[in-house]
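Asks: Could you have a look at this structure, given as structure tokens, before my questions?
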Amino acid sequence: MPRFYLDVSPQGKSIELTGGEAHHLIHVRRIQPGNKVELFDKKGNTYNTEVVQVTRKSVHLEIESHASPDLSYKTNYCLVQGLLKKKSWDLLLQKAMELNLPQLLPALTDHVAGGEYTAGSHERWNKILISAAKQCGRSQLMEIPPCQNFDQVLESTKHFPLRLMAQCEPGIPSLHSLLASQEKPSQLMVFVGPEGGFSEREVTLAKKSDVHLVSLGKNILRAETAALAVIANIEFYYNS
């Protein structure tokens, strides 16, 4: 069943779909009355619908059933990611949605050039999240709070019971061994650096703020690869 996105949650049983989603249904999917379509909104609600009318610019649907999102995580966690260039950031957003990351906090770090817009606009990010959600079957969009600088993130996340930072340093524990040594936290935050990694200043500041350094293995990973490795491991250990 094709999946499409609703900008506004429906009121009542009838839905009129317009704009880009309607255009795709009409001109790409060649939708016809009687066809079934699954819709989801920004709150994560899903709606099983039947097409009742197709015009040149709109699709009229009738809701047959709907479901509220399951927002429960055995461990709720957040990835703090140093901003990346657009191509890498786009890939990270897409794959993080597929892997079920609850929240991604963009961070301006010392080695990010070009400021917040090095990774593109929030409008662009939202389009990528919606496209990934349609493909992977996830309805609740990943939360992306406003960008903060690194120092602000450290200060505003002191309440997390466990905070980790992925680093390439000899002698630090692996992500696996550190997670195995800790009681399962109710909340978890992991910092992953930008293309140039974290600066010495940021690593020192993190250590002073009780952030644990962890290794992701002996190889040096690209920033987006490191982020996805972190998400996949946490999902395996805590949410599978």
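Asks: If you average the alpha carbon positions of segment 134-154 and of segment 161-240, how far apart do those two centres end up, in angstrom?
Replies: Comparing the Cα centres of segment 134-154 and segment 161-240, I get a distance of 18 Å.
Asks: Still on this model: Hey, what number do you get for the chain at 222 nm if only DSSP H runs of n ≥ 4 count, each worth -39500 (n - 2.57), divided across all residues, to the nearest 500? Walk me through the numbers before you get to the answer.
Replies: On the way: 7 runs with 68 residues, N = 240.
One gets -8000 deg cm²/dmol as the mean residue ellipticity at 222 nm.
Asks: I'm spelling it out carefully: the read-out is Cα Rg over 2.2 N^0.38 Å, the candidates are (i) 1.16; (ii) 0.98; (iii) 3.05, and one was derived from this structure. Which label?
Replies: Correct label, based on the coordinates given: (i).
Asks: Return a whole-number percent for the relative contact order of segment 76-239, with Cα pairs under 8 Å and 6 or more residues apart as the contact set.
Replies: Result for segment 76-239 is 32 percent.
Asks: Also, quick follow-up: Do any trypsin sites (Lys or Arg not before Pro) in segment 119-171 lie in a DSSP loop with no more than 10 other beta carbon atoms within 10 Å, and if so, which? Show your work: numbers first, answer last.
Replies: On the way: sites: Arg124, Lys127, Lys134, Arg138, Lys158, Arg163; in loops: Arg138, Lys158.
Qualifying residues, ordered by number: Lys158.
Asks: Something else now. Go ahead and set up a Gaussian network model of the chain, Cα springs under 10 Å, then flag whichever of His159, His176, His212 fluctuates most.
Replies: His159
Asks: For the pairs Lys85/Lys208; Lys36/Lys134; Lys158/Lys208; Lys43/Lys87, flag any whose C-alpha to C-alpha distance is greater than 19 Å.
Replies: On the way: Lys85/Lys208 29 Å; Lys36/Lys134 15 Å; Lys158/Lys208 12 Å; Lys43/Lys87 27 Å.
Over 19 Å apart, Cα to Cα: Lys85/Lys208; Lys43/Lys87.
Asks: Name the residue farthest towards the positive end of the dipole of segment 165-240 from the options Pro173, Gly196, Ala229, assuming +1 on Cβ of Lys and Arg, -1 on Cβ of Asp and Glu, about the Cα centre.
Replies: Farthest towards the positive pole: Pro173.
Asks: Taking R0 as 41 Å, what's the FRET efficiency between Ser68 and Leu178 from their Cβ-Cβ distance, rounded to 0.05?
Replies: Working: r = 35 Å, r/R0 = 0.86.
The value I calculate is 0.70.
Asks: Using the charge dipole of the chain (Lys, Arg: +1 at Cβ; Asp, Glu: -1 at Cβ; taken about the Cα centre), state which of Phe4, Leu93, Leu25 has its Cα farthest towards the positive end.
Replies: Going by the charge dipole, the pick is Leu25.
Values in this text are rule-based calculations from the coordinates and carry no lab data. Only a predicted model underlies this, so the values are computations on that prediction, with no experimental measurement involved. Neighbour counts are summed over all protein chains in view; Cβ atoms, including those assigned to glycine, are modelled from backbone coordinates with ideal geometry.
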